[in-house]
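In what follows, a single structure is set out as structure tokens and then discussed.
The values are calculated or read from the model by the stated rules, or taken from the named source; none is laboratory data. These numbers come from a predicted model, not from an experiment. Glycine also receives a Cβ, built like all others from the backbone with ideal geometry; neighbour counts cover every protein chain displayed.
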Amino acid sequence: MAHEETVYDALGNAQDDHGHWAFGTGFDEPLAGVDTTVPEGIGPADLGAYCLMLGDDALVLAQRLTQWITAAPELEEEVAIANVALDLLGQARLLLARAGSVGVLGRSREKATDSIPDEDALAYFRDPDEFRSTGLVEAPNGDFARTMVRLLAAATVRLAVFARLRESRDPVLAAIAAKGVNELAYHRDHAARWVLRLGDGTDESHRRAQAGADAVWPLLDDLFTATDVEARLTAAGVAVDPAEVREEVVSVLTEVLERATLRVPEWPADAAPRGRTGEHTAELPELLATLQGLARQHPAATW
Amino acid sequence: MTAMTVTTDPRAVAETVTDPELPMLTLADLGVLRDVRVEDGTVVVEITPTYSGCPAMGTMRADLLHALHRAGFADVDVRTVLAPAWSTDWISEGGRRKLAAGGIAPPGTAPVRTAGPVPLQLGPTRRTAACPVCGSPDTEELSEFSATACKALRRCTSCREPFEHVKEI
């Protein structure tokens, strides 16, 4: 068996002879062997659309966070941010793969060659209007304080949703959520400790943390309004009504800001969903151009 | 492979495969190897990711296939199981000893996750880990995140050596 002596040989050997698409991670299908049957009474189109909402939030925030790599204030923090982004990327992969498993691929399949796995087709070959991420995650990082306030808000909302999703009637979604809860608790608490340290720190760190909160709070306006998809899936016992997590999110964020000696900005009035229905700022196409550019330049590349 | 008679237990073979990032541990020690069984002549292996983004899953899958193929099992199906979510409580006693011997502090007991909201943890984490170099219990956390998703970075306040700690999840 001398021809199979290295891990890399084995990786190749584990696959067919057509090579792997160069940009994704097709040799490691995240849902390989998982029973992806959709339980009775659940609309696959709705389920896929919902997985895109949750998956795109994670993918876009992961991409934003990686913009700190080589630029974080200290080495340990750079590693921490990369770890948080990696967890989110993992959640995105599972959720996009789940969307693909129920046939929700939008126009991505027309652009991606057949050898590209569904999760990668969804990540690299959807246009901005097909993304379902919220404005909270697509906004630019700003300075480090604003990045940590945004991470705190995004992780708090996501943790509250995932904690409830553990009871979802879709067993795949429930399993992804149960796993995600353990990770998101680390993300939220890490960001919360930074907000405490910055808010209750020097005059300058306090000023920046307050400015970060003031910039992030208006982005919370459309997070608590259900789309039609979420409303139908909530009724079917699959999704979480975002209105249901509002109280918990307000309570957690208020506690952290108050203990950080920061003024809690005025809570914005609930607004109709924007990002969840494909309405985005100009920031998203710019972010996606970086994420998708190379894969789209060389869509048939294999290694 | 048709002429080959397989006498080895596939579970015993799968249990020899080590973790790509913690090579002192087998996947069985780590609790990632969930099941090995034979279904209609196919060896079915179930593994579970430690973290959602664990980049080692592909290598684990390939290493398992490689080891089982080399032991003469032609038909092998490595499947992912997501539920229940992996916990550091699944790391075996032997695995914990091997971690410590390898200079990595093993995890304590994982937090219990109940159905309700997850409480905020704003203070410094209260977890403790003895220094794997000098054994001192006086250690401090430098960062909850380290070179891999599953480890935190700590330092011994007695011998001053930094070390990694598999954090509880």
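Some values worked out for this structure:
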{"read-out": "Residue in segment A:235-252 that is within 14 Å of chain B (Cβ to nearest Cβ) and polar (S, T, N, Q) present", "value": "yes"}
{"read-out": "Whichever residue in segment A:167-180 is over 18 Å from A:P44 (Cα atoms) and crowded, with 21+ Cβ neighbours inside 10 Å and, among such residues, is nearest to the other protein chains (Cβ to nearest Cβ)", "value": "A:K179"}
{"read-out": "Any hit, segment B:105-118, residues being surrounded by 21 or more Cβ atoms within 10 Å (Cβ to Cβ) and under 17 Å from the mean Cα position of the chain (by Cα)", "value": "yes"}
{"read-out": "Of the criteria (1) within 13 Å of chain B (Cβ to nearest Cβ); (2) modelled with pLDDT of 75 or more; (3) in a loop (DSSP other than H, G, I, E, B), which one A:G26 fails", "value": "(2)"}
{"read-out": "Which listed residue is touching a residue at least 40 places away in the same chain (Cβ under 8 Å) and exposed (fewer than 15 other Cβ atoms within 10 Å of the Cβ), from A:T290, A:T254", "value": "A:T290"}
{"read-out": "Residue within segment B:147-160 that is more than 26 Å from A:G180 (Cβ to Cβ) and of a type in the set (G, A, S) present", "value": "yes"}
{"read-out": "A:R188 being in a helix (DSSP H, G or I), of a type outside the set (D, E), over 24 Å from B:W86 (Cα atoms) and at the interface with chain B (Cβ under 10 Å from one of its Cβ atoms)", "value": "no"}
{"read-out": "Elements of type strands (runs of 3 or more DSSP E) in segment B:15-100, at least 1 residues being within 13 Å of chain A (Cβ to nearest Cβ), touching a strand residue (DSSP E or B) at 6+ places or on another chain (Cβ under 6 Å) and among the polar types (S, T, N, Q)", "value": "B:42-47"}
{"read-out": "Residue that is in a helix (DSSP H, G or I) and of a type in the set (K, R), where the choices are A:R132, A:R64, A:R126", "value": "A:R64"}
{"read-out": "Matching residues, segment A:95-131, being under 28 Å from B:T48 (Cα atoms), out of contact with any Leu (no Cβ under 7 Å at 6 or more places or on another chain) and either more than 14 Å from every other protein chain (Cβ to nearest Cβ) or surrounded by 24 or more Cβ atoms within 10 Å (Cβ to Cβ) (or both)", "value": "A:G103, A:D114, A:S115, A:I116, A:Y124"}
{"read-out": "Filter result for the condition that a residue is more than 18 Å from A:A174 (Cβ to Cβ) and part of a helix (DSSP H, G or I), over A:R263, A:R246", "value": "A:R246"}
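Results for (1) small (G, A, S); (2) surrounded by fewer than 20 Cβ atoms within 10 Å (Cβ to Cβ); (3) under 20 Å from A:G90 (Cα atoms), shown as yes or no for each residue.
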{"site": "A:V161", "(1), (2), (3)": "no, no, yes"}
{"site": "A:L165", "(1), (2), (3)": "no, no, yes"}
{"site": "A:A185", "(1), (2), (3)": "yes, no, yes"}
{"site": "A:V195", "(1), (2), (3)": "no, no, no"}
{"site": "A:L198", "(1), (2), (3)": "no, no, no"}
{"site": "A:A213", "(1), (2), (3)": "yes, no, no"}
